[in-house]
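Here's the structure we're looking at; comments come further down.
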Amino acid sequence: MKKLILVILLVILLVISGCISREIVDETGEINILFCPRENCMEFVKQKISESNEVRCAVYNLRSEGLASILKSRDYSIVVDKLNSFPLKGMEYATNRNFKNLMHNKFCIMDNKAVITGSFNFIENNQNYDNLVYIESKALASNYLDEFDELSERKFGSGEKVKYPQAVLNSIRIENYFCPEDDCEQHLISLISSANSSIYFMTFAFTSNNVCDAIIEKHKKGIKVLGIFESSQFGKYSEEKRFKKEKIPFYVDSGKQEMHHKVFIIDNKTVLTGSYNPTKSANIYNDENILIIHDKNIASLYLSEFNFLIESLKSE
């Protein structure tokens, strides 16, 4: 009897601590993936916000008079990073001023039922290589609304664990996490460790020893690894040095357009994307978000972008 009581208490503690998966929400809705600047991500953002009544946005960088004008005509609330230099005249907004961390998210929630997220900063004529994800899901919208509420209350660099860590949309399993509270780095490492055939990545900044360790371990076991680094982020702690040492192949984008993706593609069937770069700051200090999408068709879209960038680099 005592053992049974102990087991019950243990289960309760695990549920409270979030160690047992909560119910997975099953929904249907639109999923749209855009790759900027080949596709006009800013016009897409403007269109979706124009079609909405209530909009909540947490945006690292908002520099667009057109988007600002559209937001003013809606029931809007916005949070921007303290480094945002665009004058948001006549607009109310929250910011992380007096906090050391970055508010590095780039997301909007429309009418409590759809989310725009990804690596794309909301800058007019933004020519960087980015991706933008639009998802119609009340469960994911609820997650992002919870995060937005924390940010708007100036709870930067902290917060509650995500409400719905997994959702199923159109039979596609999607994981959703926020840094630092959900330990984005560990979710990425777990994903890398699950690889059976290939790991492809395109990352703006990459300084995480732990993530690099996980990739090196898989490389030594014969898993194919290929990455794209952005040269403007090379420095003392950048992991491309260890890739060279371990003879892991990679490409470097050093063009005028920054390679601003934060993407990992595993086994041609799973994609991690969002605002999170594999860095210590992104994992434990900044406010970030990630999606892990388990779907071959969506993975193929990201693979096409990956291959497009590699072919572009080969021709330079």
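The values are calculated or read from the model by the stated rules, or taken from the named source; none is laboratory data. This is a predicted model, so every value here is computed, not measured. Ideal geometry is used to build each Cβ from the backbone, glycine not excepted, and the neighbour counts take in all protein chains shown. Accessible surface is based on the protein model in full, side chains and every heavy atom, while ligands, DNA and RNA are left aside. Shrake-Rupley method; radii C 1.70, N 1.55, O 1.52, S 1.80 Å.
Return the residues of the stretch 304-316 that are open to solvent by less than 30 Å² (accessible area, probe 1.4 Å) and modelled with pLDDT of 95 or more; say none if nothing qualifies. Residues satisfying the conditions are Glu305, Phe306, Leu309, Ile310.
Taking the condition assigned to a helix (DSSP H, G or I), more than 18 Å from Asp213 (Cβ to Cβ) and among the β-branched types (Val, Ile, Thr), does Ile310 pass? Yes.
Hand me the list of strands (runs of 3 or more DSSP E) wholly inside the stretch 192-276 holding 3 or more residues that are in contact (Cβ under 8 Å) with a residue 60 or more places away in the chain and in contact with a Pro (Cβ under 6 Å, 6 or more places away or on another chain).
Values: elements: 198-203, 224-230, 250-253, 262-266, 270-274.
So the answer is none; nothing clears 3.
Could we say that Gly66 is among the small types (Gly, Ala, Ser) and modelled with pLDDT under 95 here? Criteria not met by Gly66. Flag set for Lys269, criterion: touching a helix residue (DSSP H, G or I) at 6+ places or on another chain (Cβ under 7 Å), modelled with pLDDT of 95 or more and over 16 Å from Ala205 (Cα atoms).
Consider the stretch 51-82. How many of its residues are closer than 24 Å to Ala282 by Cβ and either part of a loop (DSSP other than H, G, I, E, B) or without any contact (Cβ under 8 Å) to a residue 12 or more places away in the chain (or both)? Final tally of qualifying residues: 4.
Residues in the stretch 277-299 that are touching a residue at least 24 places away in the same chain (Cβ under 8 Å), open to solvent by 10 Å² or more (accessible area, probe 1.4 Å) and not in a strand (DSSP E or B): Asn277, Thr279, Lys280, Ser281, Asn283, Ile284, Tyr285, Asn286, Asp295, Lys296, Ile298.
Out of the residues in the stretch 82-127 meeting the condition of being over 22 Å from Cys36 (Cα atoms) and among the charged types (D, E, K, R), tell me which one is least open to solvent (accessible area, probe 1.4 Å). Looking at residues that are over 22 Å from Cys36 (Cα atoms) and among the charged types (D, E, K, R), I get Asp111. Residues in the stretch 100-123 that are hydroxyl-bearing (Ser, Thr, Tyr) and either under 18 Å from Glu181 (Cβ atoms) or part of a strand (DSSP E or B) (or both): Thr117 only. One residue stands out among those in the stretch 247-265 that are open to solvent by 60 Å² or more (accessible area, probe 1.4 Å) and farther than 25 Å from Thr117 by Cα: the one that is farthest from the chain's Cα centre (by Cα), which is Lys247. The criterion of being closer than 21 Å to Val271 by Cα and open to solvent by 40 Å² or more (accessible area, probe 1.4 Å) does not hold for Glu153. Contact map, the stretch 151-172: first residue polar (S, T, N, Q), second residue in a loop (DSSP other than H, G, I, E, B) and open to solvent by 30 Å² or more (accessible area, probe 1.4 Å), Cβ cut-off under 7 Å, separation 6 or more or different chains; pairs are Gln166/Ser21; Gln166/Ile24; Asn170/Thr28.
Counting the residues of the stretch 260-282 that are within 16 Å of Asn209 (Cα to Cα) and in contact with a Ser or Thr (Cβ under 7 Å, 6 or more places away or on another chain) gives 4.
Out of all the residues in the stretch 130-146, is one or more outside any strand (DSSP E or B), at pLDDT 95 or above, touching a Leu at 6+ places or on another chain (Cβ under 7 Å) and surrounded by 19 or more Cβ atoms within 10 Å (Cβ to Cβ)?
Restricting attention to the stretch 130-146, the residues satisfying the condition of being outside any strand (DSSP E or B) are 137-146.
Narrowing the set further to residues that are at pLDDT 95 or above leaves 137-146.
Keeping just the survivors that are touching a Leu at 6+ places or on another chain (Cβ under 7 Å) gives 137.
Checking which are surrounded by 19 or more Cβ atoms within 10 Å (Cβ to Cβ) leaves us with 137.
For the stretch 130-146, residues outside any strand (DSSP E or B), at pLDDT 95 or above, touching a Leu at 6+ places or on another chain (Cβ under 7 Å) and surrounded by 19 or more Cβ atoms within 10 Å (Cβ to Cβ): present.
Considering Phe229, Phe201, Phe234, Phe206, the condition of being hydrophobic (A, V, I, L, M, F, W, C) and surrounded by fewer than 21 Cβ atoms within 10 Å (Cβ to Cβ) is satisfied by Phe234 alone.
Based on what the data block shows, is Glu185 within 16 Å of the chain's Cα centre (by Cα), open to solvent by less than 60 Å² (accessible area, probe 1.4 Å) and within 26 Å of Tyr129 (Cβ to Cβ)?
Numbers: within 16 Å of the chain's Cα centre (by Cα): yes; open to solvent by less than 60 Å² (accessible area, probe 1.4 Å): yes; within 26 Å of Tyr129 (Cβ to Cβ): yes.
Considered against the rule, which asks whether it is within 16 Å of the chain's Cα centre (by Cα), open to solvent by less than 60 Å² (accessible area, probe 1.4 Å) and within 26 Å of Tyr129 (Cβ to Cβ), Glu185 comes out as yes.
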